[in-house]
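Contents: one structure, followed by commentary.
What follows draws every value from the coordinates through simple rules; no lab data is involved. Just so it is clear, the structure is predicted and the values come from calculations on it, not from any experiment. Here the Cβ is made from the backbone with ideal geometry for all residues, glycine too, and neighbour counts use every protein chain on show.
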């Protein structure tokens, strides 16, 4: 539940609670919070077990689409292509990566961004006042 809260955030919350509640009421508030969270967790696990008992094998069928959604959640585009199109064999993608030249070789820059390297031509100069842009007959 609190998996994405770090120690620094916990310390800030503790200091804020100490300032707001005071040292007298803080231990009681911590006990109440932990018991409430424990009770909430017990209610949730009890509801899950009750659903399992009442639905039987249908409960697993309900969980199957949720498990598939969780699997898709962490899937990258490369993993999706590998799994669905290549049947889990990514050797084709690894061979393709070896065959494609590095960005530094293509663009001649350390950043690898197009348009920032010395090997590409410079951008055209801006038009003067009342100057008409050139017409590209191939594009029109």
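For residue 4 and residue 54, the difference between the fully extended length at 0.36 nm per residue and the C-alpha to C-alpha distance is 14.6 nm.
Residues 129, 84, ranked from the fewest to the most other C-beta atoms within 10 Å, line up as 129, 84.
Among 52, 64, 125, sorting on how many other beta-carbon atoms sit within 10 Å of each Cβ, with the fewest leading, yields 125, 64, 52. With both labels modelled 7 Å from their Cα along Cα-to-Cβ, the residue 80 to residue 41 distance reads 3.5 nm.
On the beta carbon distance between residue 125 and residue 102, with R0 = 35 Å, the FRET formula returns roughly 0.65.
Among rounded, prolate and oblate, which fits the range 13-55 when a ≥ b ≥ c are the square roots of the eigenvalues of its C-alpha gyration tensor, a/c under 1.5 means rounded, and a/b larger than b/c means prolate? Before the final figure, lay out each step's value.
On the way: a/c = 7.81, a/b = 4.24, b/c = 1.84.
Here the range 13-55 falls in the prolate category.
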